[in-house]
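Notes follow the structure.
Nothing in this text is a laboratory measurement; each read-out follows from the coordinates by a stated rule. Since the structure is predicted, the reported quantities are computational estimates derived from the model, not experimental observations. Cβ placement follows ideal geometry from the backbone for every residue including glycine, while neighbour counts extend to all protein chains displayed.
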């Protein structure tokens, strides 16, 4: 199956990054969201990202214009009817994703593949919400999408080999490196990464060291480019909490218990960079 037109549901950080990567690879893109304001912010973000590449002389002004021209926007999912593959990039919330998957299933062509950018939720469960479970797959990109090479490809119990092959081919055409993963809570990266961040939050809450000191220790001691608490701010504390809850519920293992401070900070609305306050202020 040749994928030429990609739909992206959600124009937020991940959604617009996915849209940019697909358009930059020469694909036609239909990016949807619930309102025009969200779409405008998404296009503005893509424009800014491409402009930075132009200033670094990694992209010509003509190529920037051509990439933007390949991104259409719509507030109605009916616009996805022309797409070969649709990638859902909504908030990490199971009930919301199930609702969106049901809507995409109704709007997309019967032969279209539906992928989820979920970082932790069961692909098998999402697939079961559609009438085409064999054409559902996980396609987990990493932030920032245009720069990060990895894509986790997750097959649910129902995912067909042809669906996996088509999605793998798409990932490679975007210049990404796909890694094949079985369906399991948190998949591979977040199953290891989020508990590490969670432990850093426990250490901070216990007064073991300041946030800056914890991050400095991890950067210098393990050669990480960013500390775990700053990374949590970048990811979003709400997203970190959502993944920890999925791990805790999925494995029923107390080692995945979310740090109480993480829960409290999310309740306070301190979500990291997007609210300008998390473990650090921005």
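Points to keep in mind about this one:
- Within the chain, helix-based [θ] at 222 nm, where runs of 4 or more DSSP H residues each add -39,500 (n - 2.57), nearest 500: -15000 deg cm²/dmol
- For the stretch 190-273, relative contact order (Cα pairs under 8 Å, six or more residues apart, normalised by length) works out to 33 percent.
- Exposure proxy ranking, count of Cβ atoms within 10 Å, fewest first, for 49, 119, 169: 169, 49, 119
- Inter-part distance where the stretch 1-21 and the stretch 234-258 are each reduced to a Cα centre, Å: 26 Å
- Neighbour-count order for 167, 75, fewest beta carbons within 10 angstrom listed first: 75, 167
- For 39, 234, the sequence from fewest to most other C-beta atoms within 10 Å is 234, 39.
- Stretchable slack from residue 209 to residue 264, in nm (0.36 nm times residue separation minus alpha-carbon distance): 17.9 nm
- Taking all Cα pairs closer than 8 Å and separated by 6 or more residues, the relative contact order of the chain comes to 14 percent.
- The stretch 36-56-the stretch 123-162 distance, computed between alpha-carbon centres (Å): 26 Å
- Cα-based convex hull volume of the stretch 190-273 per residue, rounded to whole Å³: 89 Å³
- Between 0 and 90°, nearest 10: helix 189-205 axis offset from the chain longest Cα axis: 30 degrees
- Simple label model, 7 Å out from Cα along Cβ direction - residue 251 to residue 41, nm: 3.3 nm
- Take every DSSP beta bridge whose two residues both sit in the stretch 5-182; close to 15 percent of them are antiparallel.
- Spread of Cα-to-Cα distances over 10 Å intervals beginning at zero, given as percent, for the chain: 7, 28, 34, 23, 7, 0
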